[in-house]
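To start, the structure itself, in structure tokens.
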Amino acid sequence: MKLAHLADLHLGFRQYDRQTSRGGNQREADVAEAFRRAVDDLLVQRPELVLLAGDVFHSVRPTNPAILFLFQQLHRLRVGLPESPVVLIAGNHDTPRSAETGTILKLYEALGVEVVTDQARRISFPQLDCAVLAVPHQALVQAERPALRPERGAAHNILVLHGVLEDIMDPEWSVSDYGSARLTRADLAAAQWDYVALGGYHVRHDVAPNACYPGSLEYVNPRAWVQLREEAKQKVPGKGYLLVDVPGARTTFRPVPSVRRHIDLPPVHGAGLTAKELDAEIARRVAGSKPPIDDQVVRLIVYDVAAGTARDLDHPTIRQYKARALNFHLDLRRPEQRRVVGVGAPGQRHTLPDTLREFLTRRPLDADLNRDAFVRLGVEYLDRVGGAAGEQG
Amino acid sequence: MIQRQTPESIGRVVATELKPATPHQFHFWTANETTIGIGAIVKVEGPGAGDQGSGRVVFGVVTDGFAYSDLATPLHDVVGAEGDPAKAAERPTVRQEIRLWTAAVLRQEPEEPLQPVPLGAVYLASDADVAQALRMDAYLTGAQPTGIPVGLYTAAGHEAPVYLDADFLLGPEAAHLNISGVSGLATKTSAVEFLLASIFQHFPAHKGRIAALCFNVKGPDLCFLDRPGALDDADRRRYERLGITPQPFERVRYYAPCKADGVNLNTLRTHPDLVGDVEPLVWGLEEVLDFAEVLLNRDDIDAKADAFIDFLSDRVLNKEFDDGFGGSHRVQTFADLDGLFRAIFDGLELTGRSDMWRTHHIATIRKVRNRLSNISTRCKGLVTDDGPSNDLPWGRFEDRTVYVVDVANVDALGQDLVFARAVSKLREHLERRDLGVEAVVVFVDELNKYAPGDGPETYVRKMLLDISERGRYLGLVLFAAEQFRSQVHRRVVGNAGTTLFGRMDADELATPGYQVLSPATKIKLATLPIGELMVRHPHFTQPIFLRFPRPAVLRGRDGVERFPPATDLPFEDAVVRQLVRLDRRIRPNQVKDLIAERRPDDVRRALAAVRRTRPEDALAYFRRILGARVAPVTAPAREAVPPLNPISEEPY
């Protein structure tokens, strides 16, 4: 059985004030486009089961375009893959704080999507000989959690849930989704499942060979740079979703190209530079950007910039950069305040011969030995060793 | 209480050219009918001594005795009785006889200048004399007395309490206690139980808080320390004389590993009335890996295995770890670790790479894997594959509390592991001063097994050596017992400031360690009755014989008769029993319904969480941790979705 595992679509996510030609938020359109591309790929890959592991929408009350857009895309999926069940669970972003708010997700049941929003459901798909335990955010934060254990009887047992493992949760909540339910590995018992489809962590991550986060489809956190850093660290090739063969849980990452890049330009160290020199450095960084900064999301950190220097920068040019990029974030950072504490006169660091000389001067010595000669000889030997090493090197 | 008695001379010091009095030994004679014997403490008053005088006073302990008459040779006696022993009794005159005693000097007053013992009158020592003779006056008086009653010195129908100096028994001046004696007389265990009770009642307040950690390594010896034992009037009188209240320990915490099923406890304290006090001792990979050296035998101890274990601890455990073959692991349990090992072996095989993985040879990796998986198999119940761990309350040790770790039925390897880890953790916390108490007495029996004088160097022996040499600075005090002192590592026994000897085997007494004892003392030692000991303590210049009362706790053998261990229960019943113990309101059927068809590991984990948290509503909490069952629902038949009319306007 081949299943597709997507998570953290965050449709309706808005960022920056750049608008599309239709007047919508550009980043919201980017996020939607990423999902459209994912659906395009799904229709080619034709998985037998599609799992959406929470946070389909960025908020409980998503924008109208987002609601419409999801309807369109799920409709495409259902028409294109009529035999493939689609299971959608609510994440923390999809879950209202009070029951009276209700959830828009139920709308998609009309398309034949299995929508699980508050209580966990174990859904059997006899034609796939598969049971999916779908655990939405609400089920994990209520007093009595469901037992995350497979049921005997089905050939394939799949767990889909939205929550973050405590041991990978980053304290800044830049990669893991703020507000997600916390889980332990013992809660998951991954070894007992054929596959565990997780949502709530925005960078692709395997918590066990058969338990994975596919990551979000776009950079949907204000601190996308942390995600980029994490992706580089984990050698993750950007955003996408997972195709999983069950049993065996062999995963294939299907990259979904982003509409635009997030470019973190090489930082500038401004200590000792005048405003003009800094302008030149900034211009060099911008010119060297690959791809060019036009329509991209760009950040440039400049360290050690005094307030006066920052004032004197070439702001009209900077405004031009900002106009070219979708967002150009010139991150000017003040020099670090270093407190100088006087703790005696500055000392000179001892060299190795100095240290040896001092040691030999103090070392207990037989009375019949001449200490001066002993010290001199010791330092000579050290010099010889140093010289020999220098010659070899 | 020390009482002064009216002095009554019982003998007189004699000195001849052949048997002179010296500064360390003297001889004295007594009447033939005397009550003193080997081990009696006597006082010699030289001319001018006494209440008013300023002469020399010497205290000594009797180490040998002689009796002889004025016969020139034995032949004279034969001739006098005409060769008939029956006629010897009818002899007209009674031969002159002498009782001559040798005593070793305990103390001289004044101490300087040190001189031979004066030829003065000999008196039986009173309470005050005993205190003075044994230099106990130095620590029984003063603003902060540090005396710990250890037993009653008994001679000639007279009893005097003897105290050990807490500074020298429990540190920091010296520390540690070693007790040896033949097995089977219950002397060693009884003595330690009694002494611990005495310490708990008399540990000076200015020295802070104290606890004891006892390893029960055989049978039910230490399983009933909180239950009162039978005492007779003599015992009660001795307790009164020593100023100790005869009562069982008020606070005892029992820890025992589980059996292989993970719920029944591996201890003899499983009687339904008592098992409630026993906490399971269960360790996971993290707890074991730090002490993995313990698992390596002599053939295994090499730098490579050590380095690989360190690598696992530092780089792998609880970290996101890339195996180099595309797999990522976070190792937290034995099961995870085995997964990593399998990935390494498979990876090396599939890639056809060399036998090296991250500079570690595959043979080293296999060896470490075997040792680690071995422990989880051999010590199943103590070591859990992936279940929850439950440890001693590090950082929360309570004052005057005995922590008994019952490892009597654990595999020898597991015993070593328990011992090594527990002692290491104690040392760690005492170094950081965050154990909860300032001093801990660790009682280890069977030192012949754990710290033998010969044989391979083991982790446990190294640790015992470390405690005996460094422990006193930390407040870590070793009370150790063995059968054969001569076969225990010399530095372990040598570092014990106080030594107790029970009845000794004649062969053992023939070893060089006992050469300082006189033949008479050895005879006495070989025939010591139950309840008597010989004690050596830094303040006592000579060994002293003492009698101590039976401990006021139930003896192990009596305990298992009065509280017979329960038979192992089926898994479900064992879980019920543990939950009911935590909350009497729980009905067995509720629990059984709840755990039916659950995986035992999940049940064990939930049970451990309940034990750890001690919630008010144990069943609700147990249910919550187990999680609600989710019944399967078959997905409704899905009808194909017809293509819909296009939405008039694209949303984006």
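Annotations for the structure displayed:
- Flag if A:Gly179 is farther than 25 Å from B:Glu597 by Cα, surrounded by fewer than 17 Cβ atoms within 10 Å (Cβ to Cβ), more than 12 Å from every other protein chain (Cβ to nearest Cβ) and touching a residue at least 24 places away in the same chain (Cβ under 8 Å): yes
- Scanning the stretch B:429-448 for residues that are touching a residue at least 40 places away in the same chain (Cβ under 8 Å) and assigned to a helix (DSSP H, G or I) gives B:Leu430, B:Glu431, B:Leu447, B:Asn448.
- Any pair with Cβ under 6 angstrom, 6 or more apart, that starts in the stretch B:179-204 at a residue that is in contact (Cβ under 8 Å) with a residue 60 or more places away in the chain and within 16 Å of B:Met504 (Cβ to Cβ) and ends at one that is among the charged types (D, E, K, R) and part of a helix (DSSP H, G or I): B:Ile179/B:Lys188; B:Ser180/B:Arg485; B:Gly181/B:Lys188
- Options A:Val135, A:Val115, A:Val141; residue that is surrounded by 21 or more Cβ atoms within 10 Å (Cβ to Cβ), more than 10 Å from chain B (Cβ to nearest Cβ) and more than 18 Å from A:Pro47 (Cβ to Cβ): A:Val115
- Of all residues in the stretch B:136-166, those being surrounded by 19 or more Cβ atoms within 10 Å (Cβ to Cβ) and outside any strand (DSSP E or B) number 4.
- Scanning the stretch A:283-304 for residues that are part of a strand (DSSP E or B), hydrophobic (A, V, I, L, M, F, W, C) and over 25 Å from A:Ala29 (Cα atoms) yields A:Ile301, A:Val302.
- Any hit, the stretch B:224-232, residues being among the aliphatic types (A, V, I, L, M), out of contact with any His (no Cβ under 6 Å at 6 or more places or on another chain) and either surrounded by 23 or more Cβ atoms within 10 Å (Cβ to Cβ) or in a helix (DSSP H, G or I) (or both): yes
- The lone exception for B:Thr333 - which of (1) closer than 30 Å to B:Glu561 by Cα; (2) crowded, with 19+ Cβ neighbours inside 10 Å it fails: (1)
- Scanning the stretch B:325-351 for residues that are away from every other protein chain (no Cβ under 12 Å) and of a type in the set (A, V, I, L, M) returns B:Leu337, B:Ile344, B:Leu348, B:Leu350.
- Checklist (1) open to solvent by 10 Å² or more (accessible area, probe 1.4 Å); (2) touching a residue at least 12 places away in the same chain (Cβ under 8 Å); (3) not aromatic (Phe, Trp, Tyr) applied to A:Ala232, failing item: (2)
- Among residues of the stretch A:2-46, those that are within 10 Å of chain B (Cβ to nearest Cβ) and in a helix (DSSP H, G or I), counted: 8
- The stretch B:592-646 - residue that is among the basic types (Lys, Arg), open to solvent by 80 Å² or more (accessible area, probe 1.4 Å) and closer than 20 Å to A:Gly153 by Cα and, of those, nearest to the chain's Cα centre (by Cα): B:Arg599
- Against the conditions (1) outside any helix (DSSP H, G or I); (2) within 18 Å of B:Phe26 (Cβ to Cβ), B:Asp129 satisfies every one except (1).
- Residues that are assigned to a loop (DSSP other than H, G, I, E, B) and closer than 17 Å to A:Ala7 by Cβ, drawn from the stretch A:86-112: A:Ala90, A:Gly91, A:Asn92, A:His93, A:Asp94, A:Thr95
- Among residues of the stretch B:600-626, those that are within 7 Å of another protein chain (Cβ to nearest Cβ) and without any contact (Cβ under 8 Å) to a residue 12 or more places away in the chain, counted: 1
- The residue that is farthest from B:Leu417 (Cα to Cα), counting only those in the stretch B:233-278 that are among the small types (Gly, Ala, Ser) and open to solvent by 10 Å² or more (accessible area, probe 1.4 Å), is B:Ala234.
- Condition check for A:Phe57: crowded, with 17+ Cβ neighbours inside 10 Å, in contact (Cβ under 8 Å) with a residue 40 or more places away in the chain and at the interface with chain B (Cβ under 10 Å from one of its Cβ atoms): no
- Residue within the stretch B:85-92 that is surrounded by 13 or more Cβ atoms within 10 Å (Cβ to Cβ), closer than 30 Å to B:Leu533 by Cβ and not assigned by TED's automatic domain parsing to the domain that holds B:Pro519 present: no
- Within the stretch A:188-282, strands (runs of 3 or more DSSP E) holding 3 or more residues that are under 22 Å from B:Lys319 (Cβ atoms): A:205-208, A:211-213
- Output for the stretch A:184-208, where each listed residue is of a type outside the set (D, E, K, R), at the interface with chain B (Cβ under 9 Å from one of its Cβ atoms) and either buried (at least 21 other Cβ atoms within 10 Å of the Cβ) or closer than 19 Å to A:Val236 by Cβ (or both): A:Ala189, A:His205, A:Val207, A:Ala208
Conditions (1) more than 26 Å from B:Gly453 (Cα to Cα); (2) modelled with pLDDT of 90 or more, marked per residue:
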| position | (1), (2) |
| --- | --- |
| B:Phe501 | no, yes |
| B:Ala506 | no, no |
| B:Ala510 | no, yes |
| B:Gln515 | no, no |
| B:Lys524 | yes, yes |
| B:Pro529 | yes, no |
| B:His537 | no, yes |
| B:Phe545 | yes, yes |
| B:Val553 | yes, yes |
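The values are calculated or read from the model by the stated rules, or taken from the named source; none is laboratory data. Since the structure is predicted, the reported quantities are computational estimates derived from the model, not experimental observations. Here Cβ is always computed from backbone atoms with ideal geometry, including for glycine, and neighbour counts include all displayed protein chains. What goes into the accessible areas is simple: the full protein's heavy atoms, side chains included, and nothing from ligands, DNA or RNA. Shrake-Rupley method; radii C 1.70, N 1.55, O 1.52, S 1.80 Å.
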